[in-house]
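This report concerns only the one structure given below.
The values are calculated or read from the model by the stated rules, or taken from the named source; none is laboratory data. None of the values given here were measured: they were computed from a predicted structure. Note: ideal-geometry Cβ built from the backbone for every residue, glycine included; neighbour counts use all protein chains shown. The area values use the complete protein model at the heavy-atom level, side chains included, leaving out ligands, DNA and RNA. Shrake-Rupley method; radii C 1.70, N 1.55, O 1.52, S 1.80 Å.
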Amino acid sequence: MLEQYIPFIGLIIFGNIENLILASQGVVNGVNPKVLGLLSIIVVIIWLFIGFVATDLAMEYSRHITFIGGLAIVILGLQSVFEAVKHIKETKGSE
């Protein structure tokens with residue numbers, strides 16, 4: 001039964017990394033951690049629901065979906081790093 005979900009293992013890992021990156025961006029931008037946590041949980045539940053409903057339909061596109069998910073993680077990761085470095089430079093410059 002679980003064999004059918006193996007093509008999506010990478011996407012599950014990428015999704016967790018994406019959640020961490022978005023949380024990091026929220027913290028850097030000064031978002032309320034409680035609101036950020038609540039929104040994060042809501043998004044995870046939505047993705048869980050979509051995963052249950054759409055897995056059978058998406059199985060033939062799993063490689064494409066995983067590639068797009070990985071690309072999104074790389075782009076979000078780079079954006080997060082650039083924003084963090086910019087924030088660090090701004091705070092060190094004001095001291």
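To test your reading of the geometry: what angle, between 0 and 90 degrees and rounded to tens, separates the Cα axis of helix 9-28 from the longest principal axis of the chain?
20 degrees
Once fully extended, how much extra length lies between residue 47 and residue 87, figured as 0.36 nm per residue of separation less the alpha-carbon to alpha-carbon distance? Let's see the in-between values first.
Working: separation 40, 0.36 × 40 = 14.40 nm, distance 3.04 nm.
The residue 47-residue 87 span can extend by a further 11.4 nm.
What distance in nm separates the simple spin-label points at residue 63 and residue 35, each placed 7 Å from Cα in the Cβ direction?
Distance between the two pseudo-spin positions: 4.3 nm.
For the chain, what is one quarter of the convex hull surface built on the Cα atoms, given in nm²?
Dividing the Cα hull surface by four gives the mean projection, 6.9 nm².
Would you mind working out the accessible area per residue for the stretch 39-80, using a 1.4 Å probe, and quoting it in Å²?
Values: 3300 Å² over 42 residues.
The answer is 79 Å² per residue.
For the stretch 48-95, which semi-axes, largest first and in whole Å, follow from the square roots of 5 times the eigenvalues of its Cα gyration tensor? Walk me through the numbers before you get to the answer.
Working: eigenvalues 290, 27, 3 Å².
Each semi-axis is √(5λ); the values are 38, 12, 4 Å.
Return one number: the angle in degrees, 0 to 90 and rounded to the nearest 10, between the long axis of the Cα atoms of helix 33-58 and the longest principal axis of the Cα atoms of the chain.
20 degrees
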